[in-house]
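> Have a look at this one.
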Amino acid sequence: MRLLPRSAFGKTVFLIGFLLLINQLVSYFLVAVYVIQPSLQQTNHLIAKQIKVVFIDVGHTNPTLSAEITERFQQATGIEVYRQHEAMLHGLADATYYQYISDQMSRELGGPAEVRIEQSLSFAFWVRPPQAPDYWVRIPLSGLNETDFKPLQIYILLIGFLSVAGGWWFARQLNRPLQGLQQAALRVGRGDIPEPLPEVGSSEIIAVTRAFNHMAKGIKQLEKDRALLMAGVSHDLRTPLTRIRLASEMMSEPDSWIRDGIANDIDDMNAIIDQFIDYIRHHKEESLTEEDLNLLVSEQISAERLQQRDIQTELAVNLPLVPLRRIAIKRVLTNLIENAFKYSDGAIEVRTGFEKGSQRVYVQVRDHGPGIPEAQMAQMFEPFTQGDSARGSAGSGLGLAIIKKIVDMHRGEITLHNHAFGGLVATVYLPLKNKAGSTKN
């Protein structure tokens, strides 16, 4: 378990809080050493002088005080002198013993002395002097019990709070451009090139933002050039293919087998060209809408069943709506079902569901083919990668790459795994979040 924060924002706030704590501890130490301790020593010195005055006429051989003397001192100075049992009745029982102050008082009075401090109704020192060990001297300190330390405590807490709050605000402002860079980089990874980011912040962050904007502009131009090139190549390829098809239609009937073979090859080439165009198509231009995934799956399955295809379905009940691009997701479903029939020995299975913990819906398609070796699973989503060695089929190798691109654009996830009883299972997860990140219930 990590106790220290990992983000720059958290580290900055933690550092400010830690430095503030060190500053408070040092300040407390300096106040204790250079303010409280000298004041305490001075107080002990004054109290010791008062006690010496009380016992100035008392002999060491017979240390007794008359009632007249104690009453006179009490009236003149407020100092009270009691024997042990009387002192217990007048507040000594509630007083607390202090070893450090007792040692200081012993040095002042020239013998073993005991000091206790009373803090109940009033603030007072109780001292048992070495001149008269059977007596306790009570010296009231009226100025101390009237002292209110609450403003000091409030000041310390307020300074601490303002310092941490100021550090939090400073770190947040410092890291805000980095958060914008992170979100923009994620969008670029999904194929969605953002508008240029504002160049604000420190000089280092401005330099990084400027470099990112330059990179994003280059990628955007590269995407445009690639789309234009692919569109031109596709157009130029379709023109001769159309002429070849027309020429093949004029072949004589005895050569019909050649004509049919040419027509099939042309259809395959057109399908491959369509896949290339689908791969570079910007599905992000379609807006997000709240859709029922079950409804989309049902529509696609109905279209497939018109072609006499066997599809077994298991659709979840009360599936929540999910923000998606309808045409793009229908293309995902089409590719998944087409791939499943291409490699399946019989019927395919389609099911939907909802993961409450991760707040996402999913659609799952299973075929009954040979599956894919585990070593090739991670490569299947790369363009022009095929599982032909395991599943024996030809194609452009763009089917799963197109699916992966569309799913990533929806901030979703696609996984592949071999079923325990044979066949490949492809699962597409779509989160219940839109662009703004608000969860739909």
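> From the list Leu178, Leu197, which residue is more than 24 Å from Ile272 (Cα to Cα), in contact (Cβ under 8 Å) with a residue 24 or more places away in the chain and aliphatic (A, V, I, L, M)? Don't jump to the end; show me each part of the working.
On the way: Leu197 fails: in contact (Cβ under 8 Å) with a residue 24 or more places away in the chain.
Matching residue, one of Leu178, Leu197: Leu178.
> Could I ask something else about it? For Asn62, state whether it is modelled with pLDDT under 85 and surrounded by 12 or more Cβ atoms within 10 Å (Cβ to Cβ). Give the derivation first.
Numbers: modelled with pLDDT under 85: yes; surrounded by 12 or more Cβ atoms within 10 Å (Cβ to Cβ): no.
The answer is no for Asn62.
> In addition: Any residue that is assigned to a helix (DSSP H, G or I) and within 51 Å of the chain's Cα centre (by Cα) - is there at least one of those in region 237-257?
Here is the first cut: in region 237-257, the residues assigned to a helix (DSSP H, G or I) are 237-249, 253-257.
When the remaining residues are screened for being within 51 Å of the chain's Cα centre (by Cα), the result is 237.
Within region 237-257 (the criterion being assigned to a helix (DSSP H, G or I) and within 51 Å of the chain's Cα centre (by Cα)), the answer is yes, since at least one residue qualifies.
> Let me ask something else about it. Answer yes or no: is there a residue in region 252-269 that is at pLDDT below 75 and either under 25 Å from Val407 (Cα atoms) or open to solvent by 60 Å² or more (accessible area, probe 1.4 Å) (or both).
Yes, the conditions are met somewhere in region 252-269.
> While we're looking at this one, here's another question. Among the candidates Val81, Val127, Val115, Val137, which residue alone is open to solvent by less than 50 Å² (accessible area, probe 1.4 Å), of a type in the set (Val, Ile, Thr), under 30 Å from Ser27 (Cβ atoms) and at pLDDT 80 or above?
Numbers: Val81 fails: under 30 Å from Ser27 (Cβ atoms); Val127 fails: under 30 Å from Ser27 (Cβ atoms); Val137 fails: under 30 Å from Ser27 (Cβ atoms).
So the residue among Val81, Val127, Val115, Val137 that is open to solvent by less than 50 Å² (accessible area, probe 1.4 Å), of a type in the set (Val, Ile, Thr), under 30 Å from Ser27 (Cβ atoms) and at pLDDT 80 or above is Val115.
> I would also like to ask the following. Just to be sure I understand, how many residues within region 181-205 are touching a helix residue (DSSP H, G or I) at 6+ places or on another chain (Cβ under 8 Å) and either more than 30 Å from Gly412 (Cβ to Cβ) or surrounded by 12 or more Cβ atoms within 10 Å (Cβ to Cβ) (or both)? Even if it seems obvious, please write down each step before you answer.
Of region 181-205, the ones touching a helix residue (DSSP H, G or I) at 6+ places or on another chain (Cβ under 8 Å) are 181, 184-185, 188-194, 196-202, 205.
After this cut, where a residue has to be either more than 30 Å from Gly412 (Cβ to Cβ) or surrounded by 12 or more Cβ atoms within 10 Å (Cβ to Cβ) (or both) as well, the list is 181, 184-185, 188, 190-194, 196-197, 199-202, 205.
Counting residues in region 181-205 that are touching a helix residue (DSSP H, G or I) at 6+ places or on another chain (Cβ under 8 Å) and either more than 30 Å from Gly412 (Cβ to Cβ) or surrounded by 12 or more Cβ atoms within 10 Å (Cβ to Cβ) (or both) gives 16.
> Any idea how many residues of region 153-175 are loosely packed, with under 15 Cβ neighbours inside 10 Å, in contact with a helix residue (DSSP H, G or I) (Cβ under 9 Å, 6 or more places away or on another chain) and not hydrophobic (A, V, I, L, M, F, W, C)?
Of the residues in region 153-175, 2 are loosely packed, with under 15 Cβ neighbours inside 10 Å, in contact with a helix residue (DSSP H, G or I) (Cβ under 9 Å, 6 or more places away or on another chain) and not hydrophobic (A, V, I, L, M, F, W, C).
> Still on this model: Just checking, does region 344-352 include any residue being open to solvent by 10 Å² or more (accessible area, probe 1.4 Å), out of contact with any Ser or Thr (no Cβ under 9 Å at 6 or more places or on another chain), within 15 Å of Leu293 (Cβ to Cβ) and not charged (D, E, K, R)?
No: region 344-352 contains no residue that is open to solvent by 10 Å² or more (accessible area, probe 1.4 Å), out of contact with any Ser or Thr (no Cβ under 9 Å at 6 or more places or on another chain), within 15 Å of Leu293 (Cβ to Cβ) and not charged (D, E, K, R).
> Scanning for something modelled with pLDDT of 80 or more, in a strand (DSSP E or B) and among the basic types (Lys, Arg), does region 353-370 turn up at least one residue? Even if it seems obvious, please write down each step before you answer.
So the first thing to find is which residues in region 353-370 are modelled with pLDDT of 80 or more, and the list is 353-370.
Okay, now just the ones that are also in a strand (DSSP E or B), so 353-355, 360-366.
From what is left, the residues that are among the basic types (Lys, Arg) are 360, 366.
Within region 353-370, one or more residues are modelled with pLDDT of 80 or more, in a strand (DSSP E or B) and among the basic types (Lys, Arg).
> Kindly indicate the residue of region 209-222 that is open to solvent by less than 80 Å² (accessible area, probe 1.4 Å) and of a type in the set (A, V, I, L, M) and also modelled with the highest pLDDT among those meeting that condition.
Step by step, filter region 209-222, then rank; the result is Ala211.
> Among (1) at pLDDT 85 or above; (2) farther than 30 Å from Glu223 by Cβ; (3) among the polar types (S, T, N, Q), which single condition is Gln308 missing?
(1)
> Another question about this same structure. For the condition open to solvent by less than 80 Å² (accessible area, probe 1.4 Å) and in contact with a strand residue (DSSP E or B) (Cβ under 7 Å, 6 or more places away or on another chain), what is the one hit in Ile22, Ile47?
On the way: Ile22 fails: in contact with a strand residue (DSSP E or B) (Cβ under 7 Å, 6 or more places away or on another chain).
Among Ile22, Ile47, only Ile47 is open to solvent by less than 80 Å² (accessible area, probe 1.4 Å) and in contact with a strand residue (DSSP E or B) (Cβ under 7 Å, 6 or more places away or on another chain).
> Is it fair to say Asp94 is open to solvent by 80 Å² or more (accessible area, probe 1.4 Å) and either more than 53 Å from the chain's Cα centre (by Cα) or not aromatic (Phe, Trp, Tyr) (or both)? Walk me through it before giving the result.
Working: open to solvent by 80 Å² or more (accessible area, probe 1.4 Å): yes; either more than 53 Å from the chain's Cα centre (by Cα) or not aromatic (Phe, Trp, Tyr) (or both): yes.
It is true that Asp94 is open to solvent by 80 Å² or more (accessible area, probe 1.4 Å) and either more than 53 Å from the chain's Cα centre (by Cα) or not aromatic (Phe, Trp, Tyr) (or both).
> A follow-up question, please. In region 353-380, which residues are closer than 24 Å to Arg305 by Cα, open to solvent by 40 Å² or more (accessible area, probe 1.4 Å) and either acidic (Asp, Glu) or touching an Asp or Glu at 6+ places or on another chain (Cβ under 8 Å) (or both)?
Tyr362, His368 - these are the residues of region 353-380 that are closer than 24 Å to Arg305 by Cα, open to solvent by 40 Å² or more (accessible area, probe 1.4 Å) and either acidic (Asp, Glu) or touching an Asp or Glu at 6+ places or on another chain (Cβ under 8 Å) (or both).
> If you don't mind, there's one more thing I want to ask. Filter region 320-343 down to the residues that are open to solvent by 20 Å² or more (accessible area, probe 1.4 Å) and closer than 19 Å to Phe421 by Cα and list them by number.
Asn339, Phe341, Lys342, Tyr343, listed by residue number.
> In this structure, does Asp225 turn out to be open to solvent by less than 100 Å² (accessible area, probe 1.4 Å), without any contact (Cβ under 8 Å) to a residue 12 or more places away in the chain, under 59 Å from the mean Cα position of the chain (by Cα) and on the phi < 0 side of the Ramachandran plot? Outline the logic, then answer.
On the way: open to solvent by less than 100 Å² (accessible area, probe 1.4 Å): yes; without any contact (Cβ under 8 Å) to a residue 12 or more places away in the chain: yes; under 59 Å from the mean Cα position of the chain (by Cα): yes; on the phi < 0 side of the Ramachandran plot: yes.
Taking the combined requirement at face value, the residue satisfies it.
The values are calculated or read from the model by the stated rules, or taken from the named source; none is laboratory data. Keep in mind that this is a model prediction, so the values were computed, not measured. Quick reminder, even Gly has a Cβ in these numbers, built from the backbone with ideal geometry, and neighbours come from all protein chains shown. Heavy atoms of the whole protein, side chains included, go into the accessibility calculation; ligands, DNA and RNA do not. Shrake-Rupley method; radii C 1.70, N 1.55, O 1.52, S 1.80 Å.
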